[in-house]
Amino acid sequence: MSDVRVPIRVFPSRPTLEGAGVRLRRAFGYYEVPQFDPFLLLDDIHSLDPEDYTAGFPWHPHRGIETVTYVIHGEVEHGDSIGNRGDIRDGDVQWMTAGSGIIHQEMPHRIEGDMRGLQLWVNLPASHKMMEPRYRDVPAETIPAVTLEDGTVIKVIAGRYDGTEGPVKDIVRSPEYLDVSVPPHTSFTRSTEPGHTVFAYVLDGEASFGPGGTDPAGPDSVVLFGKGDRVAVRASGKGVRFLLISGEPLGEPVAWRGPIVMNSQEELDLAFREYREGTFIKSG
Ligand code: FE2
């Protein structure tokens, strides 16, 4: 018996000001906890105007989370307290385990044309909140793409599609992260683990996400699915490109202030005190 997941919430990402004045769209975040558990936040920078993003995200701390940054078009320079420096650009992915603490900056460069980059925050379980921080760049050419007979293309960033495994393997919660492009009037079905949280975020085009008759969702729509064991997508005449992300919920208390996400208020207070006193960084 298989059940197609029905969308239980469909809503647009919201204009949000972040960092030193970056105008981005937030798909979900603080106010949606715990609906997207184990995911905490998805931010989408998408603009033709460099004034919207070049202020960037100067030095700031993180603790208790992992982030997956996916630059679809553009160039983001980063540097951090464990000695990493570099640029992520056009199709590259970078993941970071903040663990016990990292201080970094993320600075988008001015480019011609459409800048687009997404950052997903994945929560760490209580047992791993204070793990050793780590950071890795994943170049675009190492991200495999599976092309189906009907023209659908699935880029596998994390997890596995049939026999193809994505290069982002070390996120503690082992999420599945696919970038799926479906041609016009074409259907796409994906099995999902029962009990996992599953959502889609529409990058471009339009599709119905769910059993037949579901209203189509367009660009910047967030689709959170209910229970079931698969997702069914039907692209409209424009075709569709969306992120399909899933993971096993943690079911733990969330204490969240700014860039730090722990399990209790005491742990948050300690983190901010350590940051003020210069004892935040534990290693590296
Ligand atoms: Fe950050």
*asked:* Under a crude label model (7 Å from the Cα following the beta-carbon direction), how far is Glu149 from Arg257 in nanometres?
replied: 5.8
*In nm, give the distance between the simple-model label positions of Leu17 and Arg230, each being 7 Å from the Cα along the Cα-to-Cβ direction.*
4.7
*Would you calculate the separation in nanometres between label points at His128 and Trp59, each defined as 7 Å from the Cα along the Cα-to-beta-carbon direction?*
2.9
*Starting from the Cα of Glu51, move 7 Å in the Cα-to-Cβ direction to define the label point; list residues of the stretch 12-32 whose amide nitrogen is under 15 Å from there.*
21-24
*What does a probe at Asp162 reach in the stretch 171-211, counting residues whose amide N is under 20 Å from the point 7 Å along Cα→Cβ?*
176-184, 186-193
*asked:* Assuming 0.36 nm per residue, please report the length gained on full extension of the stretch Ile111 to Glu248 beyond their Cα-Cα distance.
replied: 45.6 nm
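Taking 8 Å as the Cα distance limit and 6 or more residues as the minimum spacing, I'd like the relative contact order of the chain as a percentage. Each step should come with its number before you reach the end.
Details: 768 pairs, mean separation 61.0, N = 284.
For the chain, the relative contact order is 21 percent.
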*Beta carbons within 10 angstrom, averaged per residue: use that to sort the peptides 58-70, 139-151, 243-255, highest first.*
58-70, 243-255, 139-151
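Please list 169-179, 272-282 highest first by mean number of surrounding beta-carbon atoms within 10 Å per residue.
Peptide ranking by packing, descending: 169-179, 272-282.
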*asked:* Just to confirm the number: angle between the C-alpha axis of helix 265-277 and the first principal axis of the chain, 0 to 90 degrees, nearest 10?
replied: 50
*On full extension of the chain, what length is gained from Gln35 through Arg273, given 0.36 nm per residue of separation minus the C-alpha to C-alpha distance?*
82.7 nm
*For Lys282, list the aspartates and glutamates whose Cα falls under 14 Å from its own Cα; do not include residues on the same chain fewer than 8 positions away.*
Asp80, Glu132, Glu274
*Please report, in debye to the nearest 20, how large the charge dipole of the chain is about its Cα centre when each Lys and Arg carries +1 at its beta carbon and each Asp and Glu carries -1 there.*
440
*Using 16 Å as the cut-off for backbone N distance, which residues of the stretch 230-245 belong to the label zone defined by a point 7 Å from the Cα of Thr189 along Cα→Cβ?*
230-235
*Share antiparallel - DSSP beta bridges, the chain, percent rounded to 5*: 95
*asked:* Could you tell me which residue out of Phe209, Ala158, Ile281 lies farthest along the dipole of the chain toward its positive end? Charges go on the beta carbon: Lys and Arg +1, Asp and Glu -1, centred on the Cα centre.
replied: Phe209
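Bear in mind these aren't lab numbers, they're just calculated from the coordinates by the rules spelled out. Model, not experiment: these values are computed from the prediction. Every residue, glycine among them, receives a Cβ derived from its backbone with ideal geometry; neighbour counts consider all protein chains shown.
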